[in-house]
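Enquirer: Got a structure for you, written out below as structure tokens; questions coming shortly.
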Amino acid sequence: MKSIFQRIGDYQILEKLGRGGMADVYLAMQLKNDQRVALKLVEKGEGEEAREIVEAERVGAELQRRLSLVDPRVPRIHACGELEGYLFIEMEFIEGNDLSSLIASGEIKPRDAAGIALELCDILSSAHSMSLEVDGRELRAIVHGDIKPKNIRIDVSGQVRVLDFGIAKGLSTTRRLTSNVFGSAAYSSPERLDTGRIDEMSDLWSLAIVLYEMVEARLPYEASSTEGLESIIRSHSAPRPLSDTCPLALQQIIYKALSRTSSLRYQDAQSFKSDLAFFLAGNPTVASTESEETRRTIPAEDDETRRIAGEAAQIVVAERAGSYFSNLSRRIAGAKKWVLASVLAVIVMVSAWEGVADRAAFRLKSEVVQGRITPDNAWDRYEKVRRYSPLGFASIILRRPLQDLLRDSCERDFSRYRNSDDSRIREGDWIRCKRYMSHAVQLASNDAQSRSMIEYADGHILRINHKNFDAVAAFQRAASLQPKWPDPYLGLARTYIYNLGDMERGTQALDHARQLGISFGKRELAMMAEACRTRGLQELDNANLLRETDREKEFLKKAKTDFDEAMKIYLQISPWGDSTKQITGVQDLLKEVDQKLSYLDQSNSLLPWNWFK
């Protein structure tokens, strides 16, 4: 979908709920029956991976549909099929709170966490013990494959519900494991990360991570990157110790469920559930009665034996070293004098050659420092000097000044784009900047700033050529390489707002740029105004859709707020760009909204119960 609050098929998109599995999930109105539903949309791509994603979501929807028939805690699937280039899955919408938001609030007490985990065990027990046939295959179990707080919701009645079986798999009667490369690394077991294969034990590990997170409000394993996190989990490291606020019996359950050795963990959901029930009832648990694994120890060596062995080893080493240097001395003494003369001649020739190249490098450095040469000419001459420098000293002489010349040239263009409202940086300018920064990376391959500037320039090139998702990825890579550089967020904002029509992400990018120190000029204010205007149009469409319902006035008020904000910004930057034209359009929209609100107010005043207000 290009943006939120749109219509697709028989569905009016009301708001985005989040990302589920490998797709976007929306709150939508099913226009045929005026029912609010959760609508998952999976874009159908051309590549093999895209086809795998679509197939995984289709199978997951069928498994969820079958499971929901026997366990009401699993949301019902109403429909699944193709719609305008997407695989769509219409599901029951569950009112309530995601477990992730409850964890973030810090309001979950250990006993409550154990109760929620017990309910999850019961749901997984139903899934893991379910026999069914799908696509001609006999299955003996359903594995969810992505148990995490965002896929768990506590509904308005307090019931635990498990959402999104988008990457769920069915275990056949002939195989204990099945492949699944998708899923969240933080909740994946060491065995799953090693092999890419999942079974019932994979779900139980994920549940243990969720239980730990509910108790501690943080994950047991954390790292600065996904690769680092996977490495920690694969190493079978012990989780971070639980705090004293967690009862000892519950700590023992969690540690057992996250044991380094899979055979020491709970082997099925029912045994995990039973131990949690024992804990909640105040009875001894299986985890508390099990002894800790015995440490393997290496017998200590006798001190005298170690001393004698060490002295013997020193004697052997000394004897061998003496023999080696004695033989080396004899070989050197026996070498002929002409060999030494040849070596000296080569050294003199190489030194002379290097001296010529170094003098040329110093002349080029002087021109670079004084600004008497363009970056392109400087690079061409550097390449020639480098090739004639046998010892590489010429490259060392020129590296820093040439790198500064290339970077300063690009930063001037970046600054013009960032700070000037009227400056027009064209595709050719971005291509030149990408070339210059590629040269800079050749000079210093580990320079994160230069690599970030390459990605930033490439993002604009891709944006101009309407390769929007590639542009977003390039800007995000630039931001990750220089987290405190605001410019990539301006590129993201422009791509989201003007190219993709995603006002939510566009305004988030602008807010991030402002937090990093950007002072908004007319270009950025125009983007903010466009975001407000577009949101207002979307809310006006929703109000028209919900006409004569309680929510019509709510959306009209939201539209008026956004149109007022857009008008305020357009008046501030007028007559820059097309702001004058936009002012006229927004005025007409405000007039339309005011008329509708006035009509609703008059209609309400005629109702008998409003006469006395």
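The values are calculated or read from the model by the stated rules, or taken from the named source; none is laboratory data. Because the structure is a prediction, the values reported are computed rather than measured. Glycine also receives a Cβ, built like all others from the backbone with ideal geometry; neighbour counts cover every protein chain displayed. Each accessible area value is taken on the protein alone, full model and side chains, heavy atoms only, with ligands, DNA and RNA left out. Shrake-Rupley method; radii C 1.70, N 1.55, O 1.52, S 1.80 Å.
Enquirer: Please go through segment 144-197 and give me each residue that is modelled with pLDDT of 80 or more and over 25 Å from Ser231 (Cα atoms), ordered by number.
Expert: Ile152, Arg153, Ile154, Asp155, Val156, Ser157, Gly158, Gln159, Val160, Arg161, Val162, Leu163
Enquirer: Enumerate the pairs (first residue in segment 462-485 and of a type in the set (Ser, Thr, Tyr); second residue anywhere and at pLDDT 90 or above) with beta-carbon separation below 9 Å, excluding pairs fewer than 6 apart on the same chain, so at least 6 apart or on different chains.
Expert: Cβ pairs passing all conditions: Ser480/Ser452; Ser480/Glu455; Ser480/Pro488.
Enquirer: Residues that are over 29 Å from Asn377 (Cβ atoms) and of a type in the set (A, V, I, L, M), at least 1 per element: which helices (runs of 4 or more DSSP H) completely within segment 408-495 meet that? Can you show your working first?
Expert: Details: elements: 427-443, 448-464, 468-481, 487-494.
The qualifying helices (runs of 4 or more DSSP H) are 468-481, 487-494.
Enquirer: Could you check how many residues of segment 70-110 are free of Cβ contacts under 8 Å to residues at least 40 places away in the same chain and touching a helix residue (DSSP H, G or I) at 6+ places or on another chain (Cβ under 7 Å)? Write out each step before concluding.
Expert: Taking segment 70-110 and keeping what is free of Cβ contacts under 8 Å to residues at least 40 places away in the same chain, we get 72, 76-77, 79-82, 101, 105, 107, 109.
Going one step further and asking which of them are touching a helix residue (DSSP H, G or I) at 6+ places or on another chain (Cβ under 7 Å), we end up with 76-77, 80.
Residues flagged as free of Cβ contacts under 8 Å to residues at least 40 places away in the same chain and touching a helix residue (DSSP H, G or I) at 6+ places or on another chain (Cβ under 7 Å) within segment 70-110 amount to 3.
Enquirer: Among Leu328, Leu344, which is over 30 Å from Met527 (Cβ atoms), modelled with pLDDT under 75 and in a helix (DSSP H, G or I)? Give the steps one after another, and end with the answer.
Expert: Numbers: Leu344 fails: modelled with pLDDT under 75.
Only one candidate passes the filter, namely Leu328.
Enquirer: Looking for whichever is buried (at least 21 other Cβ atoms within 10 Å of the Cβ), of a type outside the set (Gly, Ala, Ser) and under 21 Å from Glu133 (Cα atoms) here; the options are Leu41, Leu67. Which one fits? It would help to see each step written out before you state the result.
Expert: Details: Leu41 fails: under 21 Å from Glu133 (Cα atoms).
Testing whether each residue is buried (at least 21 other Cβ atoms within 10 Å of the Cβ), of a type outside the set (Gly, Ala, Ser) and under 21 Å from Glu133 (Cα atoms) leaves just Leu67.
Yes/no per residue for (1) at pLDDT below 90; (2) small (Gly, Ala, Ser); (3) within 17 Å of Lys150 (Cβ to Cβ):
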| residue | (1), (2), (3) |
| --- | --- |
| Lys16 | yes, no, yes |
| Arg58 | yes, no, no |
| Glu62 | yes, no, no |
| Val70 | yes, no, no |
| Leu83 | yes, no, no |
| Phe93 | no, no, yes |
| Ala104 | no, yes, yes |
| Ala117 | no, yes, yes |
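Enquirer: Could you run through segment 223-247 and say how many residues are in a helix (DSSP H, G or I) and free of Cβ contacts under 8 Å to residues at least 12 places away in the same chain?
Expert: Initial filter on segment 223-247 (in a helix (DSSP H, G or I)): 226-234.
When the remaining residues are screened for being free of Cβ contacts under 8 Å to residues at least 12 places away in the same chain, the result is 227-228, 231-232.
Residues flagged as in a helix (DSSP H, G or I) and free of Cβ contacts under 8 Å to residues at least 12 places away in the same chain within segment 223-247 amount to 4.
Matching residues to (1) at pLDDT 95 or above; (2) over 31 Å from the mean Cα position of the chain (by Cα); (3) farther than 17 Å from Val210 by Cα:
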residue	(1), (2), (3)
Pro239	no, no, no
Ser243	no, no, no
Leu250	yes, yes, no
Ile254	yes, no, no
Ala257	yes, no, no
Ser262	no, no, yes
Leu276	yes, yes, no
Gly282	no, yes, yes
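Enquirer: Please tell me if Glu200 is buried (at least 18 other Cβ atoms within 10 Å of the Cβ), among the acidic types (Asp, Glu) and touching a strand residue (DSSP E or B) at 6+ places or on another chain (Cβ under 7 Å).
Expert: Details: buried (at least 18 other Cβ atoms within 10 Å of the Cβ): yes; among the acidic types (Asp, Glu): yes; touching a strand residue (DSSP E or B) at 6+ places or on another chain (Cβ under 7 Å): yes.
So Glu200 fits the description; yes.
Enquirer: So, in segment 19-62, exactly how many residues are touching a residue at least 12 places away in the same chain (Cβ under 8 Å), farther than 15 Å from Phe165 by Cα and either part of a loop (DSSP other than H, G, I, E, B) or in contact with a Pro (Cβ under 9 Å, 6 or more places away or on another chain) (or both)?
Expert: As a first pass, look at segment 19-62 and keep what is touching a residue at least 12 places away in the same chain (Cβ under 8 Å): 20-32, 36-44, 53-54, 56-62.
Next, from what is left, pick out any that are farther than 15 Å from Phe165 by Cα: 26-32, 36-37, 43-44.
Restricting the remaining residues to those that are either part of a loop (DSSP other than H, G, I, E, B) or in contact with a Pro (Cβ under 9 Å, 6 or more places away or on another chain) (or both) gives 31-32, 44.
The total comes to 3.
Enquirer: Of everything in segment 432-445 that's at pLDDT 85 or above and either hydroxyl-bearing (Ser, Thr, Tyr) or open to solvent by 80 Å² or more (accessible area, probe 1.4 Å) (or both), which residue is farthest from Ser395 (Cα to Cα)? Write out each step before concluding.
Expert: We begin by selecting, within segment 432-445, every residue at pLDDT 85 or above; these are 432-444.
Filter once more, keeping what is either hydroxyl-bearing (Ser, Thr, Tyr) or open to solvent by 80 Å² or more (accessible area, probe 1.4 Å) (or both): 435-436, 438, 442.
Values: Arg435: 19, Tyr436: 17, Ser438: 16, Gln442: 11 Å.
Filtering segment 432-445 for residues that are at pLDDT 85 or above and either hydroxyl-bearing (Ser, Thr, Tyr) or open to solvent by 80 Å² or more (accessible area, probe 1.4 Å) (or both), the one farthest from Ser395 (Cα to Cα) comes out as Arg435.
Enquirer: Could you tell me how many of the residues in segment 127-149 are surrounded by 17 or more Cβ atoms within 10 Å (Cβ to Cβ), of a type outside the set (Val, Ile, Thr) and over 16 Å from Val59 (Cβ atoms)?
Expert: Residues flagged as surrounded by 17 or more Cβ atoms within 10 Å (Cβ to Cβ), of a type outside the set (Val, Ile, Thr) and over 16 Å from Val59 (Cβ atoms) within segment 127-149 amount to 3.
Enquirer: Among the residues of segment 564-605, count how many are touching a Cys at 6+ places or on another chain (Cβ under 6 Å) and either open to solvent by 50 Å² or more (accessible area, probe 1.4 Å) or at positive phi (or both).
Expert: Taking segment 564-605 first, the residues touching a Cys at 6+ places or on another chain (Cβ under 6 Å) are 565-566.
In the following step, the residues that additionally are either open to solvent by 50 Å² or more (accessible area, probe 1.4 Å) or at positive phi (or both) were identified as 565.
Within segment 564-605, residues that are touching a Cys at 6+ places or on another chain (Cβ under 6 Å) and either open to solvent by 50 Å² or more (accessible area, probe 1.4 Å) or at positive phi (or both) number 1.
Enquirer: Scan segment 259-274 residue by residue and report those that are assigned to a helix (DSSP H, G or I) and in contact with a helix residue (DSSP H, G or I) (Cβ under 8 Å, 6 or more places away or on another chain).
Expert: Pass one, segment 259-274, residues assigned to a helix (DSSP H, G or I): 262-264, 269-274.
Those that are assigned to a helix (DSSP H, G or I) and in contact with a helix residue (DSSP H, G or I) (Cβ under 8 Å, 6 or more places away or on another chain): Ser262, Leu264, Ala269, Gln270, Ser271, Phe272, Lys273, Ser274.
Enquirer: I need the full set of residues from segment 525-551 which are among the acidic types (Asp, Glu) and either modelled with pLDDT under 85 or crowded, with 18+ Cβ neighbours inside 10 Å (or both), in order please. I'd like the intermediate steps shown before the answer.
Expert: The initial filter retains those residues of segment 525-551 that are among the acidic types (Asp, Glu), namely 530, 539, 541, 548, 550.
Glu530, Glu539, Glu548, Asp550, listed by residue number.
Enquirer: Moving on to the next point. Quick one: Ala117 ticks every box in (1) buried (at least 17 other Cβ atoms within 10 Å of the Cβ); (2) of a type in the set (Gly, Ala, Ser); (3) more than 11 Å from Val160 (Cβ to Cβ) except a single one, so which number is it?
Expert: Unmet for Ala117, out of (1) buried (at least 17 other Cβ atoms within 10 Å of the Cβ); (2) of a type in the set (Gly, Ala, Ser); (3) more than 11 Å from Val160 (Cβ to Cβ): (3).
Enquirer: Spot the failing condition for Glu504; the list is (1) among the acidic types (Asp, Glu); (2) open to solvent by 20 Å² or more (accessible area, probe 1.4 Å); (3) touching a residue at least 40 places away in the same chain (Cβ under 8 Å); (4) farther than 25 Å from Pro483 by Cα, and only one is missed.
Expert: Condition not satisfied by Glu504: (4).
Enquirer: Out of everything in segment 490-501 that is of a type in the set (Ser, Thr, Tyr) and buried (at least 24 other Cβ atoms within 10 Å of the Cβ), what residue ends up being farthest from His460 (Cα to Cα)?
Expert: Narrowing segment 490-501 to residues of a type in the set (Ser, Thr, Tyr): 495-496, 498.
Checking the rest, the ones that are also buried (at least 24 other Cβ atoms within 10 Å of the Cβ) come to 495-496.
Numbers: Thr495: 9, Tyr496: 12 Å.
Only one residue tops the list, namely Tyr496.
Enquirer: Please tell me if Ala394 is surrounded by fewer than 16 Cβ atoms within 10 Å (Cβ to Cβ) and under 28 Å from Ser351 (Cα atoms).
Expert: Details: surrounded by fewer than 16 Cβ atoms within 10 Å (Cβ to Cβ): no; under 28 Å from Ser351 (Cα atoms): yes.
When the stated conditions are applied, Ala394 does not pass them.
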